Amino acid sequence: MTDLLVLGGSGRTGRHVLTQAVARGHRVRALVRRPDAIQAPYGVELIQGTPSNIDDLRKAAQGSEAVISALNNSRASDNPWAKPVSPPMFMTDATRNTLAVMSELNLRRIVLTSTQNSGDGRAALNPVFKALVKLSNLKASFDDHDGVDEVVRASDTDWTLVRAVLLADGPVVTPVRAAEAGTDKPGTRINRADLAGFLLDTIEQGTWIHKAPLVWNTRG
């Protein structure tokens, strides 16, 4: 049993994290803007606030042993080209705050959701798609993911950046395949529920520390 702080618990991946974490017997606290707007599983303690506010994080992180961040940028629609509605560099600023609070509390373990082509994974992008990213609304999201990658790697925490391929909604498929970039050919998608399970496995098993594995469903 671990005392977990979950960020992004009201999102589509975060909700699976909350449900599965409680089912696995963890004590769970989630920092959310509107506790009344989400139906959290019984046993989840909802703390009102935002990771953009470091004092909110200080309040939420008290007593925690590990952090799972399922934060993401919000867009005007599910279309990947849609206009972002999150503040510029929202995830980076939130992560910087989180790492500062972790340092204050001597809290070391953090697992964060990321995306396939962030950070040093950008080199694998098709050149045409890379050019489109620079000219589209996707640039804001990629820049933010890169910012998270940079501040996490510069920290002295036991971090893991979980780089998901295309996210999908659906029943738990499993198994999930994980590999460092360039060591295996990834599949095309991963269900959010399976991604949530992998985040928790990584916490529970103490695996992938100081690494950024790609993750995908091997079937389904």
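Given contacts defined as C-alpha pairs under 8 Å and at least six residues apart, what's the relative contact order of the range 8-78, whole-number percent?
Details: 82 pairs, mean separation 22.4, N = 71.
Computed value for the range 8-78: 32 percent relative contact order.
Going by average Cβ density within 10 Å per residue, which order do the peptides 158-165, 45-52 take, highest to lowest? All intermediate terms of the calculation are to be shown ahead of the outcome.
Working: 158-165: 22.2, 45-52: 16.6.
Those peptides, ordered most packed to least, come out 158-165, 45-52.
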Practice item. Would you work out what percent of the accessible area of the range 1-112, with all protein chains in place, is carbon or sulfur (probe 1.4 Å)? Key: 48 percent
Practice item. Hey, can you find the accessible area per residue of the range 15-80 for me, probe 1.4 Å, expressed in square angstrom? Key: 55 Å²
**Study point:** Spin-label model distance (nm) - residue 54 vs residue 167, 7 Å beyond Cα toward Cβ
**Key:** 2.7 nm
Point to revise | Selected from 172, 7, 50, residue furthest toward positive end of dipole (the chain; charges at beta carbon) | key: 172
Practice item. Place a +1 charge on the Cβ of each Lys and Arg in the range 170-216 and a -1 charge on the Cβ of each Asp and Glu, then give the dipole magnitude about the Cα centre in debye, rounded to the nearest 20. Key: 180 debye
Exercise for review: Only Cα pairs under 8 Å and at least 6 apart count here; give the relative contact order of the chain as a rounded whole percent.
Suggested key: 19 percent
Study note, to complete from the structure: Whole-percent carbon and sulfur contribution to the accessible surface of the range 136-220 (1.4 Å, no ligands, DNA or RNA) stands at 50 percent
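The values are calculated or read from the model by the stated rules, or taken from the named source; none is laboratory data. Quantities reported herein were computed from a predicted structural model and do not represent experimental measurements. Reconstructed Cβ throughout: ideal geometry from the backbone, glycine too, with neighbour counts over all protein chains shown. Keep in mind that these areas ignore ligands, DNA and RNA; they rest on the heavy atoms of the full protein, side chains included. Shrake-Rupley method; radii C 1.70, N 1.55, O 1.52, S 1.80 Å.
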